[in-house]
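Values in this text are rule-based calculations from the coordinates and carry no lab data. The structure displayed is predicted, hence computed values, not measured ones. Cβ placement follows ideal geometry from the backbone for every residue including glycine, while neighbour counts extend to all protein chains displayed.
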Amino acid sequence: MEPSSSVIASPVSGTIAVAMKTGHAFGIKTDDGAEVLVHVGIDTVTMKGEGFHGALERGTRVEVGQPLVTADLDAIRAAGHPATVLVVVTNGPKDAPVEQLESGSVVAGAAIAAVGR
């Protein structure tokens with residue numbers, strides 16, 4: 001997804017299981033056991049946290065649409081990285097399809113995909 005806002009919001013409700021110190025990536029375990037990776041930008045780990053502010057910590061409970069981090073999109077692009085935000089289900093059931101629910105512009109909190117419907 002291409003963010004239109006510097007506030008990167010949680011796509012799911014659950015608990016932050018992994019929070020990179022740099023603020024560029026989060027692993028969230030949902031209440032039903034799905035594990036979702038939210039990665040801000042491509043290769044932004046090389047920025048060493050520069051441009052990322054207010055990142056939530058491991059163990060924090062989050063709800064859909066709650067801010068995870070504020071990312072300086074201009075700083076990401078100036079460092080030569082795309083600001084694309086990746087959302088990946090990392091432990092989906094083998095036979096469960098991932099269905100895209102939305103395309104184009106979406107707002108924080110909107111359902112964008114369903115797993116195993």
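Miscellaneous remarks
- Contact order for the chain, expressed relative to its length and based on alpha carbon pairs under 8 Å spaced 6+ residues apart, stands at 31 percent.
- Our Cα-only numbers for the chain put the radius of gyration and Dmax at 13.8, 41 Å.
- Amide H contacts of Val12: Gly65, each under 5 Å away and 5 or more positions distant or on a separate chain (H built 1.01 Å from N in the peptide plane; Pro and chain starts excluded).
- Stretch gain in nm, segment Val87-Ala110, where the contour uses 0.36 nm per residue and the Cα spacing is subtracted: 6.9 nm
- In the chain, helical runs assigned H by DSSP with n ≥ 4 each contribute -39500 (n - 2.57); averaged across all residues and rounded to the nearest 500, the mean residue ellipticity at 222 nm is -1000 deg cm²/dmol.
- Placed amide H near Ala55: partners under 5 Å, 5+ positions off or other chain: Thr70
- Here the peptides 99-108, 37-46 are ranked by packing, the mean other Cβ count within 10 Å, and the order with the highest first is 37-46, 99-108.
- Taking the centroid of alpha carbons for each part, the stretch 32-52 and the stretch 58-75 are 10 Å apart.
- Working note: Karplus 6.51/-1.76/1.60 with θ = phi - 60° gives the stretch 8-13 the couplings 9, 9, 5, x, 9, 9 Hz, where Gly and Pro are set to x.
- Sorted by Cβ density within 10 Å, fewest first, the residues Leu68, Leu86: Leu86, Leu68
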